[in-house]
Each structure stands twice: as C-alpha cells, then as structure tokens.
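One structure is given below, encoded as structure tokens.
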Amino acid sequence: MGSCVSIESATAAAQSKKIDQNIKAEQRQAKFQQTVKMLLLGAGETGKSTILKQFKLIYGTGYTEEERIGYKTAILANVVTCAKALVYAMDSLKIPYGFEPPPLKETASGAFGSAFRSHASLNQPEKESGDTGSVRSLNEGKELGRVAKSAEEAYYAAGGENRQSGPSPKAAQVIRGCEMSFCFGIDESVPEEVIESIKTVWQDSGIQYCYSRANEFQLFDCCAYFLNDLDRITDPKYIPTDSDILNSRVMTTTITETKIKIQHVLFRVFDVGGQRTERKKWVPYFDDVDAIIYMVAISSYDQVLVEDNATNRLEEAMTLFSSICNHPIFASTAIIIFMNKIDIFKTKLKTVPITKYFPKFKGPNNVDKGSAFFASQFLALNANAKRKIYVHFTWATDTKQIKKVLATVYQIITSSNLKGAGM
C-alpha cells in the first residue's frame with residue numbers, strides 16, 4: 001500500500017515538473033515571438049479572401065489534395081454562375097445572340113483599338129503601347145451608345161427574349177434551367193449538356209459583346225479565366241491548381257481566423273464578409289487590433305454594389321474607409337490600403353473614362369494618373385495628419401507580386417509595433 005502511494009506521488013511530481021517546464025518554455029518562447037492581430041477589411045468583391053489564400057500559399061503549408069478537391073465544387077459553381085449571369089444579361093441589355101458589333105469609328109485618341117476583344121484575349125495581360133489612356137471624347141461615348149442601340153434593334157428584330165432561334169439561344173435555355181442545388185454535388189460533375197451549352201454561348205459573338213459591358217451587371221472577375229479553360233476544369237480527373245484556387249470566388253459569410261508565422265511573428269489574420277449585411281459582425285473583432293489591410297477594388301470605379309444598384313462601389317469603399325481610419329479605437333493601428341485588381345483597372349481604362357464616374361478627375365485616362373488619383377482620394381479621408389497610411393497597388397491573384405508586397409507589409413507592421421512598444 002505504502003509503495004503504491006509512493007509510486008503515485010513520484011508520478012504526480014514528475015508530471016507537475018514537466019508541466020512547469022512546458023510553461024517556462026512557452027514563456028521563454030513568448031518573449032521572442034511577437035503576436036500581431038490583423039484584420040482584412042473592405043467592401044464586398046475586393047479580394048480579401050484571395051489575399052488570405054496568398055498568405056497560406058506564401059507563408060503557410062499550401063493546400064492539401066483534399067482541400068483542392070474541396071475547391072472543385074466552388075469552381076464549377078463559379079462556371080455555372082458566370083454563364084447564367086451572361087445569359088440573363090443578354091436580355092436585360094437587349095443583345096441578340098450572334099450580334100456582331102459594327103466597327104467603331106477611329107478617333108483622334110485611338111482609344112478604341114481594342115474596345116471589343118475576342119474571348120481568346122480576355123483576362124490576359126496586355127503590353128503597354130505609349131499613352132493608351134487618353135480620355136475618351138464625347139464622340140467616343142456616342143460611338144458606344146450607337147453600338148448599344150444597334151444591338152437593341154437587332155435584339156427585337158431577332159425575336160427578343162423568347163423567340164430567337166439557333167444553337168446559342170437553345171444552349172441559353174439549358175443554362176437557365178440548370179439549378180445548381182441539384183445540378184451537381186460534391187462527388188459529381190456538371191452535366192455534359194450544360195458544359196456543351198456553356199461552351200456554345202461563350203463562343204457566341206453576342207455573348208462576347210455582352211461580356212465587354214460587364215460593368216452594367218454583376219459578373220465575377222473570374223469569368224473569362226474559367227470559361228476560357230472549360231475542357232481542363234470539367235475533366236473528371238481535374239484537381240484545382242494554386243491559380244484556380246486564387247481565382248475562385250466564394251462569398252465570405254462567416255468570420256475566419258488564419259494563423260500564419262512569419263519569422264518570429266505570429267499573425268492572427270481575420271477575414272470578414274464585406275457586404276453591408278455582414279459588417280455588423282465586425283465590431284467584436286475591433287479590440288486590440290495591431291494592423292488593418294483595407295482592400296479596395298480600384299477597377300470597380302464604373303460598377304455599383306451587388307446589394308445596392310444605385311451606389312458606386314468606390315464611393316462606398318471611401319465612405320467605409322473614412323469610418324474605419326477615423327475610428328478612435330484604431331488611433332494607433334497600422335493601416336495599409338491595397339488598391340487591388342490593378343490588372344483589371346489597366347485594361348478597363350482603355351475603354352472606360354474615369355471622368356464619367358468621377359468628374360473631379362482631371363488627368364489623362366492612364367494607369368499612373370488614375371491610380372494616383374484614387375489613392376489621393378482615400379488618403380484625404382484620414383483626419384489625423386500625424387498618421388501615415390500606406391498604399392500598395394496589387395494584383396491579388398499574382399503570387400509573385402503579392403509576395404513582394406506582403407514582405408513590405410511585414411516590415412511596416414513589425415516596425416510600427418516596435419515603436420508602439422517603445423522599442
């Protein structure tokens with residue numbers, strides 16, 4: 001009996017000693033490991049979740065095969081959602097299938113050389129060719145209006161919404177009838193009839209013209225990326241690549257926390273939904289925030305909100321940023337603005353003048369002047385003259401570029417925290 005008690009006492013003492021040693025080890029590690037709480041904020045459709053994916057790819061362990069397979073369903077859903085959006089927009093914009101836009105009259109600025117691009121070049125980076133960003137004249141705007149009017153007349157002549165004939169209208173009917181809730185599931189693929197129908201409409205010249213007017217309706221930025229690669233994506237053996245995952249769109253409706261260790265710093269990164277209905281969930285996460293990355297889709301200067309078709313997306317982003325950067329709770333918080341989707345912005349400037357949506361803009365319609373203008377608009381909202389807000393122009397799906405940006409952000413945040421600690 002006595003020996004039994006003695007053994008138990010010795011075991012308990014050993015366990016207690018081990019616990020004490022672990023606690024001391026954790027305390028020693030804590031002295032050398034800084035923890036940073038960071039929020040990803042911004043309106044909807046700005047790329048917050050994409051930046052979080054980049055954190056995982058660059059500083060984490062990447063994606064397992066099981067996680068990649070999980071993204072397959074989301075990507076297929078993106079494909080069907082984009083196809084549906086295009087088909088419905090054909091009717092709302094009054095564009096007939098097979099519509100061939102008449103040639104636009106060349107203007108002095110030459111800004112219309114690529115107004116209507118074929119699907120083969122959509123979503124692909126284009127080379128600079130001098131000053132491609134001259135502001136469109138009133139005549140140029142009238143030219144686009146003339147094409148839209150021509151499309152509407154052809155739409156009614158072809159039979160309108162329900163009486164058009166041919167392969168594309170027939171394929172559009174199949175796409176309309178595809179309900180994603182039962183069209184395919186986790187272990188299934190999109191029905192062959194739907195895939196072929198999507199291929200048919202995507203090759204249609206009317207759909208391509210509709211795509212060129214994507215700012216007039218709600219369409220995922222990943223549309224061309226996925227629809228240009230349907231054969232690969234719909235292959236039964238398809239496994240999403242890093243690029244596919246980065247381009248996929250899944251609306252954020254919950255708060256997610258991702259822990260990433262960069263050198264000796266542990267980053268607790270919180271990603272939150274950006275739509276208006278999701279913002280009430282932000283408040284509980286505002287305490288003890290060390291840094292905020294505020295996401296802005298600079299390419300959305302000609303678009304309206306998903307939840308409010310009367311409000312310009314960039315105007316909304318500015319209003320939201322003003323309330324965040326001037327909130328007393330963030331008085332000492334490092335704030336970095338990511339002017340995201342700079343790649344789309346660059347392409348869009350060739351045909352869409354900033355002045356049409358922001359009359360205050362006076363410079364030539366090019367990337368340098370346009371990006372500087374929008375950066376200045378956001379920086380001017382900061383009421384604290386002593387506070388420095390950092391701006392980076394980003395392409396969230398480009399891992400190489402984001403890696404460089406995040407390295408700079410790391411330096412900003414860690415140096416800011418050291419200053420705050422008096423070190």
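The values are calculated or read from the model by the stated rules, or taken from the named source; none is laboratory data. Quick caveat, the model's predicted, so the values are computed rather than measured. FYI the Cβ positions are ideal-geometry reconstructions off the backbone, even for glycines, and counts take in every protein chain you see.
Those residues that are modelled with pLDDT of 90 or more and loosely packed, with under 12 Cβ neighbours inside 10 Å, I need them from region 178-199; list them, please.
Correct list: GLU192 only.
From the residues in region 385-411 that are assigned to a strand (DSSP E or B) and not aliphatic (A, V, I, L, M), which one is farthest from the chain's Cα centre (by Cα)?
The qualifying residue farthest from the chain's Cα centre (by Cα) is TYR390.
Which one of the conditions (1) over 18 Å from the mean Cα position of the chain (by Cα); (2) crowded, with 17+ Cβ neighbours inside 10 Å; (3) assigned to a helix (DSSP H, G or I) does VAL79 fail to meet, given that it meets all the rest?
Unmet condition: (1).
Across region 212-258, what is the number of residues that are in a loop (DSSP other than H, G, I, E, B) and either over 21 Å from ALA85 (Cβ atoms) or touching a residue at least 60 places away in the same chain (Cβ under 8 Å) (or both)?
Within region 212-258, residues that are in a loop (DSSP other than H, G, I, E, B) and either over 21 Å from ALA85 (Cβ atoms) or touching a residue at least 60 places away in the same chain (Cβ under 8 Å) (or both) number 23.
Tell me whether region 62-77 contains one or more residues that are at pLDDT below 90, out of contact with any Gly (no Cβ under 8 Å at 6 or more places or on another chain) and of a type in the set (Lys, Arg).
no
Looking for whichever is polar (S, T, N, Q) and surrounded by 15 or more Cβ atoms within 10 Å (Cβ to Cβ) here; the options are THR408, THR347, THR355, THR319. Which one fits?
It is THR347.
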